[in-house]
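Heads up: the structure comes next, in structure tokens.
The values are calculated or read from the model by the stated rules, or taken from the named source; none is laboratory data. None of the values given here were measured: they were computed from a predicted structure. Glycine also receives a Cβ, built like all others from the backbone with ideal geometry; neighbour counts cover every protein chain displayed. Note: areas computed on protein heavy atoms with side chains; ligands, DNA, RNA excluded. Shrake-Rupley method; radii C 1.70, N 1.55, O 1.52, S 1.80 Å.
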Amino acid sequence: MDQLVPDISRGSKTYGLLAYLYGPGKHDEHFDPHLVASWDGFAPDPGRDPAANLKQLEQVLDLRVNQLGPRRPKKHVWHCPVSADPDDRLLTDEEWAEVARRVVAAAGIAEPGDPDGCRWIAVRHDPRHIHIMATVVRGDGRQARLNGDAQRAQDECRQIEKDLGLKQLNPGDKTAAKRPTSAETHKAERLGRPEPVRLQLRDQVRRAVAGCASEAEFFDRLAAAGLLVQRRIGPSGDTLGYSVADPDDRNGKGDPVYFPGSKLAPDLSLPRIRKRLSGGVRAAGVSTAEPGDPATGTARVPGSKAARARRDAAAAVDDATRTIEEGSEEGAAGQLVGAIEIIDVLAVRAPADTRAQLISAARSFERASRSHVRAERADNRAVRAAAREMLSSGYTGNRGEDGGVTAMLLSALILLAIASARWHSARSHAQQAAAASAAAEQLRAAYATVAARPMAAMAARGRSLPSPVRERQDAVIRAKLPEAVAGEHGGSDWDALAATLAEAEAAGHDPVALLEKARNRRELDTADSVTAVMVWRVRRIAKLSAAPSASSEGPGVRARTDGPAAPAPVEGRQARNSRR
């Protein structure tokens, strides 16, 4: 856990939790367990007092619970671990005691000056976190009023971070998905799972929605993924909600542990999924035609079906980014919801060398896709259709044309994530802005892996161009991309762009007009490499192969010594289009 994050859960076994808090831990990670604070300052401490033991501590904590006899609550134990960020300074026992007192007061466990407050203790068995444990029966026999305790504790922790000079967590807006409980985390550790089941189910349900056209298809996808599905049926026979379970995740009785969609994430409830599906997807997919290009909308884009689907997705992502930057709030919010579906599908279809990075990017961007701004679903039909097309086009690797067009899509997604971070920052959506920035970094890592081979091939081609051709393309780049001249001239990305422009020129395009068109699509201030971004934009607009051959000059590059490239005859272009 990062920063001061309270993680509240309820249980029924006082002694069991005490045995864990004072025990060695699952991997002997508990060091010097001891009390730092308690409800009255006099609770027995089995960690530091040789005369005290766990049974004594259990008895004093459960005193009021046992006084209720048969009226005692079933889940009478309140448990709240609170952790500091790894980069923060180490807090003293006295400072952790202050944290504990403020958290129990904010949560409603024991307010200052209340003689009937609940009994509680704070145990420290790690330098960077404490566990607050309480029994929820007050001295007057009533149960503590704990509705909203988690949010109140969160709010208090944000203030504690400021008061103690700790790293501050971005304030939330109640749109975040529920975190796994400490019990779920411990269960995953005990069973050797890499992470709690809740997180895996959230990913699987989100992927089942990606590009989905109907509710029936959504439930079919859940079943095909191997999940157990329960539907909540109303008196009318209609489905009111659903829950999912991992077949291997069982409770103590051996029954599957089901999670309602709304408990996995706010936007995975059935009503929210229905709202997303109501926008539909465009059956015809995304057009790759560019008005004014020599190639018409009927031209066949190079590459496999999967490569063409990703090329279409890059076009849809470009349009989505423009909407985020220039469109309405509702339209921008809709594009964020649609974009997560493309990242999800990309992660599912990714080879092993980028899958982990893309799964992380999808999880980060999922947080960025949720805010209180109402999403206009009809505006994201093109993006959702692109996700659907990618999903149906089959597996693709990271080599050849498929790898090149994947790099093209990743380049577009990076800029979309950056635009999303800016959009959220402008509206003070701190957690979403941070999540979008994290997604951009994870997408950059995947891009670096995928783009290395095709960019190196294009750079080699650029360095091998005949001098007149190279000089002509260099002049175009300097004229149209002045922001790239200072830091990128002579680099491999510059070489790749020169090769791309030469290839486009040989295919009948005017390099000046082509680069200007690509340049005017959107600002480039956020690009790590302006020339690299322009490589993919130009190749997509001109419908060039995303992974050129290793030929030094490339197909059709004419070693002319003077004058601009002569456009191909109109009839020749039409003939090429008809053959495609």
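Observations, loosely collected:
- For region 327-377, the C-alpha radius of gyration divided by 2.2 N^0.38 Å, with N the number of residues, is 1.26.
- Surface composition of the chain: carbon plus sulfur atoms contribute 50% of the solvent-accessible area (1.4 Å probe, protein chains only, all chains present).
- Relative contact order (%) - criterion: Cα under 8 Å, at least six apart; region: the chain: 11 percent
- Here the Karplus relation 6.51 cos²θ - 1.76 cosθ + 1.60, evaluated at θ = phi - 60°, turns the backbone of region 104-113 into coupling constants of 5, 5, 5, 6, x, 6, 7, 7, x, x Hz, with x for every Gly and Pro.
- The chain, accessible area per residue, ligands and nucleic acids excluded (1.4 Å, Å²): 43 Å²
- Whole-number D in µm²/s for region 372-461 (Stokes-Einstein; Kirkwood sum over Cα pairs; 25 °C, 0.890 mPa s): 164 µm²/s
- Gyration tensor analysis over the Cα atoms of region 56-159 returns equivalent ellipsoid semi-axes of 26, 15, 11 Å (largest first, whole Å).
- Two-site label geometry, Glu189 and Asp248: point separation in nm, points 7 Å out along Cα→Cβ: 2.0 nm
- Over 29 Å between alpha carbons, listed pairs Lys74/Lys167; Lys178/Lys275; Lys178/Lys253; Lys263/Lys305; Lys305/Lys480: Lys74/Lys167; Lys263/Lys305; Lys305/Lys480
- You can think of it this way: the chain between Arg453 and Phe42 has 141.3 nm of extra reach, that is 0.36 nm per residue less the Cα-Cα gap.
- Virtual spin-label span in nm between Gln230 and Ser328, 7 Å along Cα→Cβ: 4.1 nm
- Ordering of 129-136, 86-93, 460-467 by burial proxy (mean other Cβ atoms within 10 Å per residue, highest first): 129-136, 460-467, 86-93
- Region 1-80, relative contact order [Cα under 8 Å, separation at least 6], %: 44 percent
- Charge tally for Arg198 (other residues, Cβ to Cβ under 9 Å; Lys, Arg +1; Asp, Glu -1): +2.
- Sorted largest first, extent of region 165-274 alpha carbons per principal axis (Å): 55, 36, 28
- Bins of 10 Å, starting at 0 and running to the largest distance - Cα pair percent for the chain: 3, 15, 22, 20, 16, 11, 7, 4, 2, 0
- Of the whole protein surface, Cys118 contributes about 0 Å² of accessible area at a 1.4 Å probe radius.
- Arg128 paired with Arg158, simple spin-label distance in nm, labels 7 Å along Cα-to-beta-carbon: 2.3 nm
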